[in-house]
1. Which condition number does residue 133 fail, the rest of (1) closer than 19 Å to residue 181 by Cβ; (2) modelled with pLDDT of 85 or more being met?
2. So, in the range 33-87, exactly how many residues are outside any loop (DSSP other than H, G, I, E, B) and exposed (fewer than 15 other Cβ atoms within 10 Å of the Cβ)?
3. Restricting attention to the range 183-197, and to residues there that are under 16 Å from residue 207 (Cβ atoms) and under 16 Å from the mean Cα position of the chain (by Cα), which single residue is surrounded by the fewest Cβ atoms within 10 Å (Cβ to Cβ)?
4. Step by step: first the residues of the range 94-114, then only those that are in a loop (DSSP other than H, G, I, E, B) and either surrounded by 17 or more Cβ atoms within 10 Å (Cβ to Cβ) or free of Cβ contacts under 8 Å to residues at least 12 places away in the same chain (or both), then the one that is farthest from the chain's Cα centre (by Cα). Which residue is that?
């Protein structure tokens, strides 16, 4: 079973390890990206995709690299989906031709060659904070359109304070079982500085 890593955030490094760093000092990097350029072999930009029932549309033009950082832009310019949009990923839904969306943002996911299961993944990220924003770093099952076995490494939910990190595990579709936590790390504010977020994932545990 393969899983896709999805991000819609500011990111300046992502590393995926074949073993757990905290338990084994000899772990090795399976792949990494320092975002000196946008690597189309590793990432797919969502284009004319949506995440129902939200009012934004994801456009590939909102995802780019700048000075060693992956930038994912969000703005409130209204966008109307064209009659025959070039849609690069079905992700969580495709935009409706002719429909207008009041907000637009970006979304990337790993390409098929970099889908993964188990190991340790981490990313160094700085996030925006505003009511209504919902940046996230998460996995979902690559063989279905459902969120079965989705792992939310984090969700940063804009209607909650910027010192709260939300993490969830979805066990089956449609949202029949979600195990989640609101976490408040010491001296944590996700919008003020860069933080490193990681997941340790094995057949019998997720940390």
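1. Going through (1) closer than 19 Å to residue 181 by Cβ; (2) modelled with pLDDT of 85 or more one by one, residue 133 breaks only (1).
2. The number of residues fulfilling the criteria is 4.
3. 196
4. Applying the filter and picking the extreme gives 95.
Yes/no per residue for (1) in contact (Cβ under 8 Å) with a residue 12 or more places away in the chain; (2) in contact with a strand residue (DSSP E or B) (Cβ under 6 Å, 6 or more places away or on another chain):
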site	(1), (2)
32	yes, yes
35	yes, yes
41	yes, no
46	yes, yes
49	yes, yes
52	yes, no
55	yes, yes
66	no, no
71	yes, yes
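The values are calculated or read from the model by the stated rules, or taken from the named source; none is laboratory data. As the structure is a computational prediction, the values presented were derived from the model and not from experiment. We place every Cβ from the backbone using ideal geometry, glycine too, and count neighbours over all the protein chains shown.
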